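Since the structure comes first, as structure tokens, the remarks are kept for the end.
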Amino acid sequence: MFVFTIRRILQTIPVLLGVTILVFLMMHLVPGDAAQIIAGEAASQQTIEQIRERLGLNDPLPMQYFNFLLNALQGDLGTSIQSGQEVTEEVFSRFWVTLELAFYSMILSVFIGLIAGIISAVRHYTLTDALTMIIALFGLSMPNFWLGLMLMQWFAIELKIFPVSGWGSPEQIVLPVIALGTAGAAIIARMTRSSMLEVISQDYIRTARAKGVKERYVIYKHALKNALIPVVTVIGLEFGTLLTGAVLTETVFSINGLGRYIVESIQARDFPAVQGSVLVVAVIFIIVNLLVDISYRFLNKRIDLN
Amino acid sequence: MTTKLLEINNLKQYFPIKGGIFGRTVNHVKAVDDVSFYVNEGETLSIVGESGCGKSTTGRAVLRLDDPTSGEITFQGDDLLALNKQQMRRKRKDLQIIFQDPYASINPRQTVRQILEEAMSIQKVLPKAERMDKIMELLDTVGLGSHQLDRFPHEFSGGQRQRIGIARALAVDPKFIVCDESVSALDVSIQAQVLNLLKQLQRDLNLTYLFIAHDLGVVRHISDRVAVMYLGKIVEIGEKKEIFDNPKHPYTKSLLSAIPVPDPSNQQERIHLKGDVPSPIDPPTGCRFHTRCPFATEKCKNEVPELRVTKDMTGTHQAACHHIEEIESGAKQPNY
Amino acid sequence: MSQNENVLEISDLRTSFFIEGDEIKAVDGVTINVPKGKTVGVVGESGSGKSITSLSIMRLIQHPGEIVEGSISMNGEDLLSKSERQMQQLRGNQISMIFQEPMTSLNPVYTVGEQISEVYRIHQGLSKKEALTKSVEMLELVGIPSPKERIKQYPHELSGGMRQRVMIAIALACNPELLIADEPTTALDVTIQAQILELIKKLQSQLGMSVFLITHDLGVVAETCDYVAVMYAGKIVEYADVHSLFRSPKHPYTVGLMQSLPRHDIDQEELNVIEGNVPKPGNMPDGCRFAPRCPFASDICEKRLPDLDELENGNKVRCWIYSDEWDGKAEVNVVDDYKTAGNQ
């Protein structure tokens, strides 16, 4: 287990390096001169040259990358063009909002997804199963921004139960979390169901029944723990999807999160801000995956070290 | 006059085990460890043993389905391990294999006709025009009807699928067939049908079999000679009659005595073996059977016994045990 | 023997699977008793319905299967009229079961100790600690070395033979009156099979339980059973004490089964073969189900299904040859004539 964890952590190093290279190249290879953008349309050639010098844009590309990496490692992601603030600071202040949104949505997804999936599997061949799966299919097919708009229309504008936009108070949280969490709930429900159905047909479930274990415990003790193993992976991946999905949800509900920050930065061609926030999201994504892998291994002790 | 069709010398097959933080090779599974034997033309040599003894690995190595770690495999005078991929592919025309579950080794989307046609076209056995006749002949040989020609594998029962597997092996007119647990998955009544078929084909086509099985009843029925393997080594080899009626190695004896006899009034005395087969990763030193052998001594722990002949053995019978004479004379008693 | 000596009595059991509106009768009118302290074997090939019979006793038939009719009673109590709750109290307690696949029959995410102690906790209400102590004793009883360490291990850390011992420990934990063993040694190597069969026999005499043994292996039957039922295509075709069955089998299928078995202890020239295949469950012959493969089959065999009739010695056979209505060749000796009859 220890060796596995160490090895898995070591394996993320090349991935992280790869990500930084990609993010760096992406920003440097897109058409348009960064110095030109910063200086504005009317700037003189000399001003642009000065900016280039200051940002190190005249250095060879590998040198620039090296500096970028060195700064990033020290927590310095450059200065935002729009606001003139430190990108690191801006990204993290916005990031907490997104993380909150994603976290609540995650809880909703897992809670509803697991319950629906288990009920569906246990009541296999019944109407309950069919209905649950139809609802799940709907949940899966609805784009979160559309669902967000519909929720806003019904519950905020017509029924006036919840506020239309913003983030912070409990009432403000409800609608965005439902909008963002529904698809995940549907995916987890479907995964849980198929995993449960597979586990229920296993020999050891028959053994449990033959021991006289009550059906409730057969399901919740013997089947669920096994069935959850593949579901954990899906939950982990779902977290990444939530982070990206947050971009649209935040835009719809005017939430000042990282997603909206990225969108605004792209619109303003604020390349240090885009570069910095994309990097942060990518790193979070990798860390979540790492945690999923380790917990997967913890749940399923049979996985070979290879 | 018998000629050796296949000869194997000092065959070793080690599979690496990766481990540690950097995934280095930390150890080996010694699946087959220094095995030598030969198969005469037209005979059936069976390899028997329990799971993990290396019998299937040996069969696969002969066909180079896995490349052996070291050793020598000579088929009709050619060194198979010296052949390159293309030469080996051509050689496979003469060397075929029938698996335990043919379903796992045939394309489920191909009909019987396509399966057989493909086998022939890969080896370019016959001009295209004559292949159809050959296919019909093959079906007849293995006891399938011409109306089954365009059916898919899933439409057949287990026994019939095994017949398809046999037909495919025969499609290229091989000289030598490895039967890897070919009848193990079949019900008794169907197993008998397939065994009789294999025997009849051997007579008619002068085939040579390397028959790999764990069922000693089946082995006694089909073999001319038998090799008994334990943890990657041959512990006893010889003519069928010798192995079954005059076994010398304690493992062979206990294996034979462990099989339930289908006759309630003729139950034999049993030689009890302690525990499980040890892991082939770190096999016991000396005689690999010493950890379970009721006759084991200090010598067995330290010295690897070689296959050897003792005085009341006949034919090509050999066994690898230090204490055959003492056990036979009763000087050594089992120590449970 | 008198009625109350039987631990288990099954009569006219029919268990079917309902697939796309069709009823597939996997077990079709099976009647069999298990006398106290004895071992009754059910032997048959795949698809004969032997495993479904054993699962029916446990009432563990899953959708789309169903016990359609018949009765199963244990010590005079009707199992089929019991509630699911009452069955749960019996399972693992008075009736236990072990299965063919030791590799997959244990839950991979719980330790061996947890899985054995669960039985004590359910049926005897023991505390966690008491249950674990009992589990260690049980592991010792089934011959697992260093049981104190073993209870902390997960199934994947054990060999197949060890896992089957653990399964036996689970099954016998509450000292059941009846053990149902469904192909308990089929997946094991012969030397391990010998150990496991020996263990079951030893524990049977120690604990005085009855065993209902399902197997396809005639050798295992000869070695362990007192009485044997031979099943073919959902029906019992012959029932006899083990010595009579092997000395003078009556049903042509039993004879065919024995003569097609390659033996390790004697030389045989050619194996006698049962021609053809087992009939498909949806497409059973009208008459005797073995008639299409039977070398003795005559007109009556193809038209009417014979009953399982009792012979003079109390054994039973389902074959027209032994009835007054037999219309085939007179003086049939099924054992000696099996081969020649097939060649006609």
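Two decimals is fine: what's Rg over Rh for the range B:95-144, C-alpha atoms, Kirkwood radius as Rh? List each step's numbers first, then the result.
Working: Rg = 11.4 Å, Rh = 11.9 Å.
Value, to two decimals: 0.96.
May I ask you to work out the translational diffusion coefficient for the range B:1-134 at 10 °C, viscosity 1.306 mPa s, via Stokes-Einstein with Rh from the Kirkwood sum over Cα pairs, reported in whole µm²/s? Walk me through the numbers before you get to the answer.
On the way: Rh = 17.4 Å.
Answer from the Stokes-Einstein relation: 91 µm²/s.
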Measure off 7 Å from each Cα along the Cα-to-Cβ vector at A:L25 and C:E77, then give the distance between these two points in nanometres to one decimal. 7.3
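Nearest-5 percent of antiparallel DSSP beta bridges in the protein assembly as shown? Don't skip to the end; give the middle numbers.
On the way: 61 of 98 bridges.
Around 60 percent antiparallel, to the nearest 5.
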Calculated SAXS-style log₁₀ I(q)/I(0) at q = 0.15, 0.16, 0.26 Å⁻¹ - the range B:105-173, Debye, Cα scatterers: -0.40, -0.45, -1.24
Which value results when the Cα radius of gyration for the range A:77-132 is divided by 2.2 N^0.38 Å? 2.05
Per DSSP H run of n ≥ 4, the term is -39500 (n - 2.57); total these for chain A, divide by its residue number, and report the mean residue ellipticity at 222 nm rounded to 500 deg cm²/dmol. -25000 deg cm²/dmol
Protection proxy (average C-beta count within 10 Å per residue), highest first, orders B:283-290, B:159-166 as B:159-166, B:283-290
Shielding by partners, peptide C:106-113 (average Cβ within 10 angstrom, other chains): 5
Can you give me the three principal axis dimensions of the range B:272-323 from its C-alpha atoms, in Å, biggest first? 33, 23, 20
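Set the Förster distance to 56 Å, then compute FRET efficiency between A:I13 and B:K124 from the Cβ-Cβ distance, nearest 0.05.
On the way: r = 52 Å, r/R0 = 0.93.
The pair A:I13/B:K124 has a calculated efficiency of 0.60.
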Rounded, prolate or oblate: which one fits chain A, using the alpha carbon gyration tensor with axes a ≥ b ≥ c (rounded when a/c is under 1.5, else prolate when a/b beats b/c, else oblate)? oblate
Extent of the range C:68-219 along each principal axis, from alpha carbon coordinates, in Å, largest to smallest? 44, 42, 29
Spin-label point model (7 Å from Cα, Cβ direction): what's the B:E72 to A:I115 distance in nm? 7.4
What nm value, rounded to one decimal, do you get for the distance between A:K214 and C:N283 when each label is placed 7 Å out toward the C-beta? 4.8
Sites C:Q153 and A:Q267 - FRET efficiency at Förster radius 60 Å, r taken between beta-carbons, to 0.05: 0.50
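If I stretch the segment between A:I6 and A:F298 completely, what's the gain in nm (0.36 nm per residue apart, minus their alpha carbon distance), one decimal? It would help to have the intermediate numbers written out before the result.
Numbers: separation 292, 0.36 × 292 = 105.12 nm, distance 1.37 nm.
103.8 nm is the gain from fully extending A:I6 to A:F298.
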Do any of B:K55/B:K85; C:K50/C:K201; A:K221/C:K134; B:K12/B:K311 go past 28 Å between their Cα atoms, and which? B:K12/B:K311
If you average 1/r across every pair of different Cα atoms in chain C and take the reciprocal, what Kirkwood value do you get, in Å? 21.4
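If you wrap a convex hull around the Cα atoms of the range C:132-289, how much volume per residue is inside, in Å³? Don't jump to the answer; show the numbers that get you there.
Numbers: hull volume 25.3 nm³, N = 158.
In the range C:132-289, the Cα hull volume divided by residue count equals 160 Å³.
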Note the angle between two axes, namely the Cα long axis of helix B:128-142 and the longest principal axis of the Cα atoms of chain B, as a number of degrees from 0 to 90, rounded to the nearest 10. 50
So what is the relative contact order for the range C:249-343, in percent, with contacts set as C-alpha pairs under 8 Å and at least six apart? 30
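Over the alpha-carbon set of the range A:226-269, divide Rg by the Kirkwood Rh and report the Rg/Rh ratio to two decimals. Don't skip to the end; give the middle numbers.
Numbers: Rg = 14.4 Å, Rh = 11.8 Å.
That ratio is 1.22, to two decimals.
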May I ask for the distance between the Cα centers of the range C:138-158 and the range C:58-114, given as a whole number of Å? 24
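Which semi-axes, in whole Å and largest first, does the equivalent ellipsoid of the range B:183-336 have when worked out from the alpha carbon gyration tensor as the square roots of 5 times its eigenvalues?
Values: eigenvalues 171, 63, 53 Å².
Whole-Å semi-axes of the equivalent ellipsoid: 29, 18, 16.
How big is the Rg/Rh ratio for the range C:249-343, C-alpha atoms only, Rh by Kirkwood, two decimals? Let's see the in-between values first.
Details: Rg = 13.9 Å, Rh = 14.3 Å.
Radius of gyration over Kirkwood radius for the range C:249-343 works out to 0.97.
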Hey, for a label at B:Q86 modelled as a point 7 Å past Cα toward Cβ, could you say which residues of the range B:125-157 have their backbone N under 12 Å away? none
Considering the alpha-carbon set of the range A:91-267 alone, what are its Rg and its Dmax in angstrom? 18.7, 64
Using only Cα atoms, what Kirkwood radius does chain B have, in angstroms? 21.4
Over chain C, the sum of -39500 (n - 2.57) across DSSP H runs of at least four, divided by residue number and rounded to 500 deg cm²/dmol, gives at 222 nm -9500 deg cm²/dmol
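Take the alpha-carbon positions of the range A:189-237, form their convex hull, and give its projected area averaged over all directions (one quarter of the hull surface) in nm². Provide the component values of the computation, followed by the final result.
Numbers: hull surface 12.5 nm².
Averaged projected hull area, Cα only: 3.1 nm².
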Which values of log₁₀ I(q)/I(0), to two decimal places, follow from the Debye formula for the range B:1-68 at q = 0.22 Å⁻¹ with a uniform point scatterer at every Cα? -0.98
Principal axes of the range A:162-227: Cα extent on each, largest first, Å: 55, 19, 13
With x for Gly and Pro, the residue-by-residue ³J(HN,Hα) of the range B:220-234, computed from phi through the Karplus equation 6.51 cos²θ - 1.76 cosθ + 1.60 at θ = phi - 60° and given in whole Hz, is 4, 6, 9, 8, 9, 10, 9, 10, 9, 10, 9, 6, x, 10, 7
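Relative to the compact globular guide of 2.2 N^0.38 Å, what is the alpha carbon radius of gyration of the protein assembly as shown, as a ratio? Please list the in-between numbers first.
Working: Rg = 35.1 Å, N = 986, 2.2 N^0.38 = 30.2 Å.
Compared with the compact-globule rule of thumb, the protein assembly as shown sits at 1.16.
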Within straight cross-link reach of B:K199, meaning Cα distance under 13 Å, which aspartates and glutamates are found once same-chain residues fewer than 8 apart are removed? B:E43, B:D224, C:E269, C:E270
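Among B:149-157, C:130-138, A:53-61, what's the highest-first ranking by average C-beta atoms within 10 angstrom per residue?
Numbers: B:149-157: 14.7, C:130-138: 19.7, A:53-61: 12.4.
In decreasing order of mean packing, B:149-157, C:130-138, A:53-61 become C:130-138, B:149-157, A:53-61.
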So if I restrict to the alpha-carbon atoms in the range C:144-202, what is the Rg, and what is Dmax, the biggest pairwise distance, in Å? 11.7, 31
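Over chain C, calculate the relative contact order: mean separation of alpha carbon pairs under 8 Å at least 6 apart, over the residue count, as a percent.
Contact order relative to length: 19 percent.
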Once the Cβ-Cβ distance between B:D150 and C:F18 is put in as r, and R0 is 30 Å, what FRET efficiency do you end up with, to the nearest 0.05? 0.40
Residue-by-residue Karplus 3J(HN,Hα) for the range B:169-179, coefficients 6.51, -1.76, 1.60, Hz, glycine and proline x: 5, 6, 4, 9, 6, x, 9, 9, 10, 8, 9
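No value in this document is a laboratory result; all are computed from the given coordinates. Because the structure is predicted, anything quoted here is derived from the model rather than measured. Neighbour counts are summed over all protein chains in view; Cβ atoms, including those assigned to glycine, are modelled from backbone coordinates with ideal geometry.
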